[in-house]
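A short worksheet on the structure shown next.
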Amino acid sequence: MCKGLAALPATCLKSAKDIKHKIGFLLQKPDPPQEQKPLKEKPKATTNRISPVETEKWKSSFNNLIKNEVGRKAFTIFLQSEYSQENIEFWEACEEFKTTSVDKMNAKARKIYEEYVEADSPKEVNLDSATRENTRKNLEKCDASCFDEAQNKIFTLMEKDSFRRFLKSKLFMEMTQPPLESNKPCGLEKRGKRHISEQTQCVPSYA
């Protein structure tokens with residue numbers, strides 16, 4: 001017949017109480033807060049309007065667009081929406097590479113090649129195998145022109161493909177839309193309340 005806890009040695013009773021105390025403490029201890037990673041925000045499109053003169057320059061030549069800082073930023077945002085921003089990033093990397101000092105040129109060229117040109121690279125751009133191989137060989141006699149062929153191929157790709165869609169995009173339309181002339185007198189304000197319905201015709205609407 002069981003004699004209960006009284007029959008157990010004192011050391012056993014003490015150990016049992018310690019274990020019970022630790023279990024109770026663990027049960028009451030709140031779980032550590034989990035670290036929340038910030039959500040990546042989608043690139044926000046700029047709505048800064050540009051002058052009609054600049055607009056016509058962009059429309060007439062992709063080179064005018066890409067060489068203009070505001071135009072290139074807008075085009076980059078558009079490419080991000082299409083998940084093809086590696087093209088403009090590669091083009092910019094090549095432009096920056098041309099200004100690299102000779103002593104740092106080899107290391108910089110290798111980094112660009114491994115990031116954008118090499119097959120299965122993190123930001124691989126769309127190049128044919130011949131251009132990819134020629135670029136690899138150019139690294140052996142590295143100079144400011146070793147990425148020229150690959151850069152020109154990507155430039156042409158963006159010009160023939162992405163640039164045409166950019167000119168028809170909502171982003172470009174918003175940038176080229178003339179500002180609303182909200183402060184301009186309507187001309188109907190002095191006709192009285194009975195002409196309110198006519199005044200509404202002065203407010204432009206956009207679909």
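List of remarks:
- Counting only residues that are closer than 22 Å to Lys141 by Cα and either assigned to a helix (DSSP H, G or I) or in contact with a Gly (Cβ under 7 Å, 6 or more places away or on another chain) (or both), region 81-110 holds 17 of them.
- Check on Gln85, modelled with pLDDT of 95 or more and either open to solvent by 30 Å² or more (accessible area, probe 1.4 Å) or acidic (Asp, Glu) (or both): yes
- Residues of region 56-82 satisfying the condition of being more than 15 Å from the chain's Cα centre (by Cα), surrounded by fewer than 21 Cβ atoms within 10 Å (Cβ to Cβ) and small (Gly, Ala, Ser): Ser60, Ser61
The values are calculated or read from the model by the stated rules, or taken from the named source; none is laboratory data. Note that this is a predicted model, so its numbers are computed, not measured. A quick note on method: Cβ atoms are made from the backbone with ideal geometry, for glycine too, and the neighbour counts reach across all protein chains shown. Just the protein is used for accessible areas: all its heavy atoms, side chains included, with ligands, DNA and RNA removed. Shrake-Rupley method; radii C 1.70, N 1.55, O 1.52, S 1.80 Å.
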